[in-house]
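> Below: one structure in structure tokens.
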Amino acid sequence: MNTHMYIKGQALLGAGAVFEVINPATLDIVSHVQGASPSQVDRAVAAALEAFQTWKHVTDSRIIDAFQAIAVDILKHKHDIARLICIEQGKPMALALLEVDLSIDFIQAVAALDIPIEHYNEDSGKKITVYNRPLGVVASITPWNWPFMIAVWHLFPAIKAKNCVVNKPSEYTPLSSIKLVEIINQHLPAGVCNLILGGSQVGNQLSAHPDVIKVSFTGSTRTGQQILQNSIDALKSVILELGGNDVAIVLEDVDIDRVAEKIFNVAFLNAGQTCTCIKRLYVHEDIYDAMIEKLTEYLNAQVIGNGLDHATTFGPVQNKMQFMKVNALIAEALASGATLIKSNQPLPKLGYFIAPALLIDVDESMAIVAEEQFGPVLPVLKFNDIDQVINTSNQVKYGLGSSIWTKDLAKAKQLAERMQTGTVWINSHTDLSPMAAFGGWKHSGLGYSFGINGLLQYTHKQALHVSPY
Ligand code: NAD
């Protein structure tokens, strides 16, 4: 198993602290990985800075060709990569394969984007051109829930905008990112894309490094806040894609048979460990009981187990800390009067498995509603007043995504305007587009990813004013 880091195009082993990668479905140690030493972090940043002196002049066609070749290579290794994702992250094989497919689509979408140039002419004869110039060295720090895809979301826009990157994947799930950067290095010059391994100390050193001009971070709000603190002295810019507590509001006019399966799938995607999963479900009182009944059918239809087993539809929680956190939230809700409706399917004896479940008899005072659970348990609340539910649902500290489910699209669009979230879906949830800006309001983040808005986050503006002599 490849446990190398990549610095200046060279595969090398870390010289820092050793950590274990554990398969959350079996608790087997998949691999021992050695993280970067402080001097290796410095070397990775220096390699990126050196490569930037040339890469900033690269032609767009060279980048497009390289991205196409990388996409082809990822496709060639799709099953190996999906296997790595399964064993380090725990998701079922079908979902791991989807993660690779979505990553390939994303790379192709980024390859097709053009960085715009603006032109203005003044009466005096002065011509102004506004360029979007590359920044320099970008640090990319990624989480454990969609390890391969989120690394792709960071690396390709940064490199497309002619920056050089140092990625640090989560210490829980480094293996698929190692494979990604190994492939990238076969198609890009040495130093353009580097990878270092390790935990929070390595991430902290990387994000605070004086030669890093931008930090792209996806992970918890708490870590995002630390990264923002680290960026103050050097006035680094950051993209922070942080936690979410997405709400879905289901109006009384929906046909339960039509929407319940979709709602189930996006609330429990990746065992609920997706930043834009539905994490609070408000259902109109007229259809509440029917919705609970239907969602329970889907809970009971899951095959819970090891993602490598092709029958599995539902995996474990990724790590012990998350397992304890979700169980504690459930226990606290039950102690406060909530009722748990959990899947009647058997759970494997080993592994960080939590039976997918609904929590009813819940309210906004409970942490399972007010906080991000990031696990396979969905609080379902009853409402009868849409104005009240919009106001209440906006009162959480997060603002990542939300959705409205109804036949009445005109009404839904009016309601959408009132949601305090960076993305609002009508009759779907979670299905992001590589073209549409994606980012969080409030404690869910700073800056945007995806599409031209996301690409331009990896550039500086430079206005060139040319007056006649
Ligand atoms: P985390 O913040 O614990 O870790 C994320 C990464 O940051 C890891 O690589 C970790 O090693 C590193 N890190 C930890 N401490 C650091 C420090 N002080 N300085 C620099 N780096 C440090 O998050 P996680 O538990 O891996 O991920 C789960 C969280 O990510 C959830 O809250 C989820 O909502 C969020 N998330 C958000 C999005 C989004 O796009 N908004 C996407 C996926 C996940």
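> Evaluate the following for residue 178: is it closer than 21 Å to residue 13 by Cβ, outside the structural domain of residue 304 (by the TED database), modelled with pLDDT of 95 or more and within 14 Å of the ligand (Cβ to nearest atom)? Even if it seems obvious, please write down each step before you answer.
Working: closer than 21 Å to residue 13 by Cβ: yes; outside the structural domain of residue 304 (by the TED database): yes; modelled with pLDDT of 95 or more: yes; within 14 Å of the ligand (Cβ to nearest atom): yes.
For residue 178, the condition - closer than 21 Å to residue 13 by Cβ, outside the structural domain of residue 304 (by the TED database), modelled with pLDDT of 95 or more and within 14 Å of the ligand (Cβ to nearest atom) - is met.
> I'd like the residue in segment 128-149 that is assigned to a strand (DSSP E or B) and either within 16 Å of the ligand (Cβ to nearest atom) or touching a Gly at 6+ places or on another chain (Cβ under 9 Å) (or both) and, out of all such residues, is farthest from residue 49 (Cα to Cα).
So in segment 128-149, the residues assigned to a strand (DSSP E or B) come out as 128-134, 137-141.
Remaining after also requiring either within 16 Å of the ligand (Cβ to nearest atom) or touching a Gly at 6+ places or on another chain (Cβ under 9 Å) (or both): 137-141.
Values: 137: 6, 138: 9, 139: 11, 140: 14, 141: 18 Å.
Per the stated criteria, the residue is 141.
To keep it simple, each residue is scored yes or no on (1) away from the ligand (no atom under 16 Å from the Cβ); (2) in contact with a Gly (Cβ under 8 Å, 6 or more places away or on another chain); (3) not assigned by the TED database to the domain that holds residue 404.
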position: 202; (1), (2), (3): no, yes, yes
position: 207; (1), (2), (3): no, no, yes
position: 215; (1), (2), (3): no, no, yes
position: 222; (1), (2), (3): no, no, yes
position: 225; (1), (2), (3): no, no, yes
position: 231; (1), (2), (3): no, no, yes
position: 255; (1), (2), (3): yes, no, no
position: 263; (1), (2), (3): yes, no, no
position: 274; (1), (2), (3): no, no, no
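> I'd like the full set of residues that are buried (at least 24 other Cβ atoms within 10 Å of the Cβ) and within 9 Å of the ligand (Cβ to nearest atom), limited to segment 181-200.
198
> Right, another one. Which condition does residue 415 not pass, out of (1) touching a helix residue (DSSP H, G or I) at 6+ places or on another chain (Cβ under 8 Å); (2) surrounded by 15 or more Cβ atoms within 10 Å (Cβ to Cβ); (3) at negative phi; (4) in a loop (DSSP other than H, G, I, E, B), if it passes all the others?
(4)
> I would also like to ask the following. If we keep just the residues of segment 328-353 that are within 16 Å of the ligand (Cβ to nearest atom) and of a type outside the set (Phe, Trp, Tyr), which is surrounded by the fewest Cβ atoms within 10 Å (Cβ to Cβ)? Can you show your working first?
Residues of segment 328-353 within 16 Å of the ligand (Cβ to nearest atom): 328-329, 352.
With the extra rule that they be of a type outside the set (Phe, Trp, Tyr), the set shrinks to 328-329.
Numbers: 328: 12, 329: 22.
Among those that are within 16 Å of the ligand (Cβ to nearest atom) and of a type outside the set (Phe, Trp, Tyr), it is 328.
> Can you go through 362, 380 and tell me which one is away from the ligand (no atom under 15 Å from the Cβ), part of a strand (DSSP E or B) and modelled with pLDDT of 95 or more? Let's see the steps before the verdict.
Numbers: 362 fails: part of a strand (DSSP E or B).
It is 380.
> I would also like to ask the following. Only one of these is within 24 Å of the chain's Cα centre (by Cα), among the hydrophobic types (A, V, I, L, M, F, W, C) and surrounded by fewer than 17 Cβ atoms within 10 Å (Cβ to Cβ): 111, 94, 151, 139. Name it. Walk me through it before giving the result.
Details: 111 fails: surrounded by fewer than 17 Cβ atoms within 10 Å (Cβ to Cβ); 151 fails: surrounded by fewer than 17 Cβ atoms within 10 Å (Cβ to Cβ); 139 fails: surrounded by fewer than 17 Cβ atoms within 10 Å (Cβ to Cβ).
Only one candidate qualifies: 94.
> Sticking with this structure for a sec: Being in a loop (DSSP other than H, G, I, E, B), more than 14 Å from the ligand (Cβ to nearest atom) and crowded, with 24+ Cβ neighbours inside 10 Å is the requirement here; does residue 125 meet it? Write out each step before concluding.
Values: in a loop (DSSP other than H, G, I, E, B): yes; more than 14 Å from the ligand (Cβ to nearest atom): yes; crowded, with 24+ Cβ neighbours inside 10 Å: no.
For residue 125, the condition - in a loop (DSSP other than H, G, I, E, B), more than 14 Å from the ligand (Cβ to nearest atom) and crowded, with 24+ Cβ neighbours inside 10 Å - is not met.
The values are calculated or read from the model by the stated rules, or taken from the named source; none is laboratory data. Please read these numbers as outputs of a predicted model, since none were measured by experiment. Please note: Cβ atoms are built from the backbone with ideal geometry, for glycine as well, and neighbour counts cover all protein chains shown.
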